[in-house]
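Working notes, beginning with the structure itself.
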Amino acid sequence: MNKKWMDAARQCIAFAALRQQWSVSGNEPNGANANLIEGRFPTISLLDREHGIDPAMAHAGNLPGRHRVTYDPLVCGCDAAHARLMIAVPLVHESRIVRHDKTMGWFRRLVGLAALSSCGLAVAQAPVVTWTDPDTQGWAATYDPLYVADWRGGIDPEIDVQSNPGDISVVADPVVPGRNALRASISITENFSGVANGTPRAEVLFPAPVTFAQGKDYLIRWSTFLPIGFVFDSKQLVIVTQIHQSLTTGSPTIALGLLGTQYGISERGGSNPTVASGGKWLCCADADRGKWVNWALRYVPDETGQHSSLELYKDGTSVYAVQGAPNAYMTDQSAYLKMGLYKAGWKTQPSDVTQITMFFGPVYVSQR
């Protein structure tokens, strides 16, 4: 096997192991995740003739068929389902600081996919989506980060908290040692008159630059955790993630919710946003209790539907994909992202539950 390939693989495994050690011990140096130095890996191709790919073609970005893939700098990890090691190698080698909380304009297309018999690296469950489709894995790395909330230092002061005191908090991850999570909890006995619109909710509203303009292409990645004892409400929906229009009231442009043991995804917009332009019920939330579920949403907003796209992935698998449906309110260029618990009719309509608690992992928003 190519010696350069092996050298890069060793670097990648060492880096991944070091980050895992930091994560478990909680002793990660300041800025280790906020500031990553691009160029730690050599500028080489990991696809060689041994795997049926001409290195010259790989460097030119002309990878045939399903091998046309790109990866994020300094991202490597095990794909246990396929016993592969995924390694990122910049095609353009520049030593610079990458701040993950700011928009990056540098070229992010990379290559790196090699088959291994075993990864040999134990990694705790992470909230980042593991892309299982080669094409999806390729385009995911072509986005530039806009915003990251990892809850490591608590809640960003720029985030708007819409809840009663104590209903939104940062706590220790219920599963993964050394990591934090956002906890949202509401009780039907609470007085919500002091919360936004007086509606039962415990949500966070993400700040700029997390706004969604029509015609842009966005990728949102986050994770949810239902406690072991989570009780499902078969009578009334609870919205847990939404992209909300900025110019008017009404049902959110994009909503992910729970009704009974089903997830529900919906989209709306255009001249008649009172009627959903698309949506789907997804089975089976009861199988997700006690574990992290990784979500990714590709969102291209367009009020006319002519250029719109909405794609939802659950644990790396596509569960909803619709193009051509209006998915932005008219003239809205600054819709915003919210996560937490929103149960609009809880006080006035029948319900199976009197209390709800849910956790949210790190949130990543990107654009291209």
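The values are calculated or read from the model by the stated rules, or taken from the named source; none is laboratory data. The shown structure was predicted, so the numbers you read here are calculated from the model rather than taken from an experiment. Here the Cβ positions follow ideal geometry from the backbone for every residue, glycine too, while neighbour counts run over all protein chains shown.
Listed values, structure above:
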quantity: Residue tally, condition under 11 Å from SER266 (Cα atoms) and surrounded by 20 or more Cβ atoms within 10 Å (Cβ to Cβ), over region 321-332; calculated: 1
quantity: Residue list for region 192-232, restricted to those being buried (at least 19 other Cβ atoms within 10 Å of the Cβ) and either without any contact (Cβ under 8 Å) to a residue 60 or more places away in the chain or closer than 15 Å to LYS347 by Cβ (or both); calculated: PHE192, VAL195, PRO200, ARG201, ALA202
quantity: Hits in region 295-313 (condition: out of contact with any Gly (no Cβ under 9 Å at 6 or more places or on another chain) and charged (D, E, K, R)); calculated: ARG298, GLU311
quantity: Candidates LYS280, LYS338, filtered to the one that is in contact with a Leu (Cβ under 9 Å, 6 or more places away or on another chain) and either surrounded by fewer than 18 Cβ atoms within 10 Å (Cβ to Cβ) or part of a loop (DSSP other than H, G, I, E, B) (or both); calculated: LYS280
quantity: Among the residues listed as ALA255, ALA328, ALA335, ALA276, the single one being in contact with a His (Cβ under 9 Å, 6 or more places away or on another chain), over 25 Å from PHE225 (Cβ atoms) and either modelled with pLDDT under 95 or among the hydrophobic types (A, V, I, L, M, F, W, C) (or both); calculated: ALA335
quantity: Hits in region 160-175 - residues which are surrounded by fewer than 18 Cβ atoms within 10 Å (Cβ to Cβ) and part of a loop (DSSP other than H, G, I, E, B); calculated: PRO165, GLY166, PRO174, VAL175
quantity: Considering residues of region 149-159 that are outside any strand (DSSP E or B) and not charged (D, E, K, R) only, the residue farthest from GLY361 (Cα to Cα); calculated: PRO157
